[in-house]
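Asker: Let me begin by handing over the structure; questions about it come next.
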Number of protein chains: 2
Amino acid sequence: MKVLIVGANGTLGKAVAAELGARHNVVGASRSSGDVHVDLRDAASVETMFRELGQVDAVICAAGKVPFAPLAELNEAKYLEGLQDKLLGQIRLVSAGTPHVRDGGSFTLITGILTEQPILSGAVASTVNGAVEAFVRAAAIELPRGIRINVVSPTVLTEAMHAYAPYFRGFEPVSAARAAMAFARSVEGRQTGQVYKIW
Amino acid sequence: MKVLIVGANGTLGKAVAAELGARHNVVGASRSSGDVHVDLRDAASVETMFRELGQVDAVICAAGKVPFAPLAELNEAKYLEGLQDKLLGQIRLVSAGTPHVRDGGSFTLITGILTEQPILSGAVASTVNGAVEAFVRAAAIELPRGIRINVVSPTVLTEAMHAYAPYFRGFEPVSAARAAMAFARSVEGRQTGQVYKIW
C-alpha cells in the first residue's frame, strides 16, 4: 500500500511511519520537511500535495495544533485558531484527498483524550477533538467507493511527558509506538467510523 | 429563579419555557421576537443582552442552526457557517454570560442525536454537536463560583417530524415537552459537565 502520513516528523508521526513503513510504501508530509510539504491550514496546499502524489491507499493525519489557555482567557480568535488547524485542516485533507484515495482505502485522523477527559486550559483542544470525532462518524456513512475513515484518540504520549506532565497529572501515558498500532488497525483493518481510544 | 431562554420562540424553546415557567421567572430571547432580542452570531449583541438583563440564575440555549448538504458538496464556508452559529454562538453565550450568572447558577446548551448517530447530509451538524458537547465537558471544570454547565442532546422532535421524517427514518422521535424536562434537570439539579441524551 501507498500510505501518506501528514505530520510524519512529529513524535507520533515517526512512530506511525515506523509501524507502517515495515510493510508499506510510506510517504511523509509536513509543513517544512519530509518527502512532500503541506500546510493543512491552506486548502490550495493540500490540493497541490494530492495532485503531486497521485493515487494513495491510505491517508493518515498525525498533525494538528490547538492553543491552550484558561477558559476565562479564551476569545473567539483562539477557538478559530484551533478549529482552522486541527478540525478544518483534517477536513481539508479528507475533502481534497477523497478523489485520490483508491476504492476501499482509508483516512485515519487524530484527536486525543481531551475529547472525553478535560484538563485545565484545554477547552479549545476538547472542543476541536469532539468536532473531529463526530465528523469522522458522519463522514463514514457518506464517503464514496468503500473509502473508510477512523480516528485515533491517544492519551498523553510518554515521549511528551517531559513537557506536558504538569498538565496531565494522574494520566497514565502511552508510548507513541503503542498509539501508532491503532493507525495500522485503521489502515489494514476494515472498520469505518471508529474512534480508537488508546487509554 | 430568573431563567434566560435563548431561542424561546422555537418548538423546543416554547416547551422549555412552559416547563420552567411554571416554577420560575422566564425571560425569552430570540433574533426577532421575545422579551429581548439577541443574535448569537454577534458577540456585541450577546453582551448587550446580558447588560440589559442583569443577574440571572440560569441561561438556556435552545437555538442554533447548521446547514445540511451531502458530504461531497460541503465546503469550508458551510462548516464555518455551522461553527459560527451553533458552536461559537453558544460559546459566546457562556463567555459573555458568566459574569452575569449567580453563584451556583447554570448554563444549559443544546446539541442533538447526530453527535453519535449520523444521518446523510448531516456532517456539519454532527461536527458542530460534537464540538459543543466536548466544550461543555471542558468548561465544566473551569467555570468560576460553582457555575455549572450541561448540554441536552435530543433526538428528532415529534413536532418536527412533518419536515424531517425523510431524514430520520427509523429514529423514534420524542416530544418537545419530554426534551424540555432535561433542561429542568440541568437548571434545578446540581450536576455539571453532563450530556443529557433524550433518545
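Asker: Consider region A:111-152. How many of its residues are touching a strand residue (DSSP E or B) at 6+ places or on another chain (Cβ under 7 Å) and more than 18 Å from residue B:126 (Cβ to Cβ)?
Answerer: Counting residues in region A:111-152 that are touching a strand residue (DSSP E or B) at 6+ places or on another chain (Cβ under 7 Å) and more than 18 Å from residue B:126 (Cβ to Cβ) gives 5.
Asker: Please go through region B:106-116 and give me each residue that is more than 8 Å from chain A (Cβ to nearest Cβ) and free of Cβ contacts under 8 Å to residues at least 60 places away in the same chain, ordered by number. Reasoning before the result, please.
Answerer: First pass over region B:106-116, keeping only residues more than 8 Å from chain A (Cβ to nearest Cβ): B:106-113.
Within region B:106-116, B:107, B:109, B:112 qualify.
Asker: Right, here's the next one. Assess whether residue B:84 counts as being assigned to a helix (DSSP H, G or I), in contact with a Lys or Arg (Cβ under 8 Å, 6 or more places away or on another chain) and either of a type in the set (Asp, Glu) or more than 8 Å from chain A (Cβ to nearest Cβ) (or both).
Answerer: It is true that residue B:84 is assigned to a helix (DSSP H, G or I), in contact with a Lys or Arg (Cβ under 8 Å, 6 or more places away or on another chain) and either of a type in the set (Asp, Glu) or more than 8 Å from chain A (Cβ to nearest Cβ) (or both).
Asker: Need the failing condition index for residue B:52 against (1) buried (at least 16 other Cβ atoms within 10 Å of the Cβ); (2) without any contact (Cβ under 8 Å) to a residue 60 or more places away in the chain; (3) acidic (Asp, Glu); (4) not in a loop (DSSP other than H, G, I, E, B), just the number.
Answerer: (1)
Asker: Looking at (1) in a helix (DSSP H, G or I); (2) within 19 Å of residue B:10 (Cα to Cα), find the lone condition where residue B:166 falls short.
Answerer: Against the list (1) in a helix (DSSP H, G or I); (2) within 19 Å of residue B:10 (Cα to Cα), residue B:166 comes up short only on (2).
Asker: Could you tell me whether residue B:97 is out of contact with any Pro (no Cβ under 7 Å at 6 or more places or on another chain), among the small types (Gly, Ala, Ser) and facing another protein chain (nearest Cβ under 10 Å)?
Answerer: no
Asker: Taking residue A:177 as meeting all but one of (1) crowded, with 16+ Cβ neighbours inside 10 Å; (2) touching a Lys or Arg at 6+ places or on another chain (Cβ under 6 Å), write down the number of the exception.
Answerer: (2)
Asker: From (1) more than 10 Å from every other protein chain (Cβ to nearest Cβ); (2) under 20 Å from residue B:17 (Cα atoms); (3) of a type outside the set (Ser, Thr, Tyr); (4) in a helix (DSSP H, G or I), pick out the condition that doesn't hold for residue B:47.
Answerer: (2)
Asker: Looking only at region B:117-134, count how many residues are at the interface with chain A (Cβ under 7 Å from one of its Cβ atoms) and surrounded by fewer than 22 Cβ atoms within 10 Å (Cβ to Cβ).
Answerer: Number of matching residues: 1.
Asker: Which ones in region A:135-169 are surrounded by fewer than 16 Cβ atoms within 10 Å (Cβ to Cβ) and facing chain B (nearest Cβ under 9 Å)?
Answerer: Within region A:135-169, A:144 is the sole residue that qualifies.
Each reported figure results from applying straightforward, stated rules to the coordinates on display, with no laboratory input. Just so we're clear, the structure is a prediction, and the values are computed from it rather than from any experiment. Here the Cβ is made from the backbone with ideal geometry for all residues, glycine too, and neighbour counts use every protein chain on show.
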